[in-house]
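Beneath this line is the structure, given in structure tokens, with notes to follow.
Just so it is clear, none of the values below were taken in a lab; they were calculated from the coordinates. What you see is a predicted model, and the numbers here were worked out from it, not measured in a lab. Note that we place each Cβ from the backbone using ideal geometry, even for glycine, and neighbour counts take in every protein chain shown.
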């Protein structure tokens, strides 16, 4: 049971991990500036409307974290969301962190107003997208992006906004400054864990369709497992027309090569192979960083093959108009340094901060 008797009228900060809280008006002191509540059992979570109503009494909140705290009256995505004609203004909110089901989080965000400077992190529960065919994944991602990229704003602030969306095993980070435009999102980070190929494909397609990609200039990908998702990756890479820098962190080498290489005829249908279709993924790319890969791992191709294949991909990119790039290897284990000259014809190469010239001297 939540120990409400410990709450004092002048309390500033409260962190609680509980099996269930009865949210109600007047339950929490209005002096709170930092609130973190973690519900340890999903069955003990409260209705969205109850949590929203309680937050009306906390106008001074600067930091709000709610983990598995709320659920909807009904979990069926085919039914319309319950309507709550209530907007809770949080003019002092600096940080908002939410974890829960995708529908509950989306509905909860409908009823919050916070400054454009608020740092927002959303994590969708791991089982929320268990069957991509059941839930409307692209509309949901588009809806969440719209709410977080352009939040209901009770202030006139136009300071930098940091938004972070986590869709199960996908971790999307977006930084934007221009609240008037959905295209001002220069940094995108995707972190993929262990999940089914079908699920991953659905999420990749949802990001490609629903996320504002045209302004992305830097891309970070963490995808350690080999997948049968080449076409979905390629479509995303082709949609990222302004990326000039990409970081592959602990990423499977097959995935790296697939993202960088021009599409083959077998990957797309006739419609996608029209004259208007982009011919090169990440066409403005000038910087590639490969971080923390063990080239002797059983999940990787033989290291020499990867270096040679990467050289071939870089050559193909330049043959179709791609730029000469810089390739930086950092923290990679068992990297065959003696094979790196293969890349020097097509790229400036560095190893753990050593420039091309120093690297060349070492190899001679």
Computed FRET efficiency, Cβ-Cβ of residue 95 and residue 27, R0 25 Å: what is it to the nearest 0.05? 0.70
Take each of the peptides 28-35, 47-54, average the number of other beta-carbon atoms within 10 Å over its residues, and list them starting from the highest. 47-54, 28-35
Using the per-residue mean of other Cβ atoms lying within 10 Å as a proxy for protection, in what order, highest first, do the peptides 253-264, 333-344 fall? 253-264, 333-344
Given labels modelled 7 Å from the Cα in the Cβ direction, how far is it in nm from residue 119 to residue 86? 2.9 nm
What is the calculated FRET efficiency for residue 19 to residue 352, with r their C-beta to C-beta distance and R₀ = 56 Å, to the nearest 0.05? 0.70
Give me the extension gain from residue 320 to residue 197: residue separation times 0.36 nm, minus the current Cα-Cα distance, reported in nm with one decimal. 41.2 nm
Applying a 10 Å radius around every beta-carbon, put 314-320, 205-211 in order of their mean neighbour count, most first. 205-211, 314-320
